[in-house]
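For reference, the structure is listed below as structure tokens.
The values are calculated or read from the model by the stated rules, or taken from the named source; none is laboratory data. Small disclaimer: the values here were computed from a predicted structure and weren't measured. For neighbour counting, all protein chains shown are included, and Cβ atoms are generated from backbone atoms with ideal geometry for every residue, glycine included.
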Amino acid sequence: MIKKLTLMSTLTAVALIIFIVEAQIPLPIPVPGVKLGLANAVTLFALFYEKKSGVLKLGTVNVFAILLCRILLGAVFSGRLIAFVYSLLGGLLAFAAQITVKRFITKKQIWVCGAIGAIFHNIGQIAAATVITGTTSIVYYLPVLIIAGVFTGVLTGLVAQITIERIK
């Protein structure tokens with residue numbers, strides 16, 4: 001139990017550091033909401049990582065706790081509490097999609113899970129923005145966000161996949 005809690009704490013800290021550092025990186029795409037989403041690589045790692053003995057398999061509930069902690073602390077540390085709503089809805093949809101996709105893919109296809117998670121994260125963020133702003137015109141950003149999300153999702157999925165392969 002202590003090893004599992006220590007791993008969860010470490011992964012949360014790593015994801016939070018990546019989130020904060022990434023927020024400082026300007027992207028050349030002038031569309032609000034487009035970002036690399038590298039902290040999701042930690043979520044994917046946690047979701048797919050299993051020690052050979054199975055002792056350190058985190059399980060869905062614990063990975064979800066890591067995700068929620070990163071979202072909450074990321075909003076607090078960045079000072080953008082409204083971003084909490086966007087990240088939370090996007091994170092919930094992405095996580096639901098990822099745990100569903102996980103059932104159908106191998107550890108050589110984590111990049112697929114990353115891409116699908118990114119797409120659903122963007123859908124969740126647009127849904128939150130539509131409710132918060134009270135306008136549906138923001139939906140026009142969705143195609144650009146989905147295209148960017150596929151590329152960034154594949155990247156984060158590959159980072160998680162390669163990390164898991166290298167740990168073995």
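Of all residues in the stretch 153-168, those satisfying the criterion of being surrounded by fewer than 16 Cβ atoms within 10 Å (Cβ to Cβ), in a helix (DSSP H, G or I) and not aliphatic (A, V, I, L, M) are 165, 166.
Among residues of the stretch 74-87 that are without any contact (Cβ under 8 Å) to a residue 40 or more places away in the chain, those with a beta-carbon under 9 Å from a residue that is assigned to a loop (DSSP other than H, G, I, E, B) and among the hydrophobic types (A, V, I, L, M, F, W, C) at least six positions away or on a different chain give the pairs 75/81; 80/23. Against the criterion of being among the hydroxyl-bearing types (Ser, Thr, Tyr), surrounded by 21 or more Cβ atoms within 10 Å (Cβ to Cβ) and either at pLDDT 90 or above or under 26 Å from residue 29 (Cβ atoms) (or both), residue 87 qualifies. Of the residues making up the stretch 135-152, those that are assigned to a helix (DSSP H, G or I), free of Cβ contacts under 8 Å to residues at least 12 places away in the same chain and farther than 18 Å from residue 116 by Cβ are 137, 140.
Any chance the stretch 12-27 includes a residue that's surrounded by fewer than 18 Cβ atoms within 10 Å (Cβ to Cβ), in contact (Cβ under 8 Å) with a residue 40 or more places away in the chain and not β-branched (Val, Ile, Thr)?
Let us first name the residues in the stretch 12-27 that are surrounded by fewer than 18 Cβ atoms within 10 Å (Cβ to Cβ), namely 13-14, 17, 20-27.
Adding the requirement that they be in contact (Cβ under 8 Å) with a residue 40 or more places away in the chain leaves 20, 23.
With the extra rule that they be not β-branched (Val, Ile, Thr), the set shrinks to 23.
Yes, the conditions are met somewhere in the stretch 12-27.
Which count do you get for residues in the stretch 1-42 that are modelled with pLDDT of 85 or more, touching a Gly at 6+ places or on another chain (Cβ under 9 Å) and within 22 Å of residue 79 (Cα to Cα)? The qualifying residues number 8. Residues in the stretch 120-134 that are assigned to a helix (DSSP H, G or I) and surrounded by fewer than 16 Cβ atoms within 10 Å (Cβ to Cβ): 130, 131, 132, 133. Name the residue, out of 68, 93, 58, that is under 11 Å from the mean Cα position of the chain (by Cα) and touching a residue at least 24 places away in the same chain (Cβ under 8 Å). Unique residue meeting the criteria: 93.
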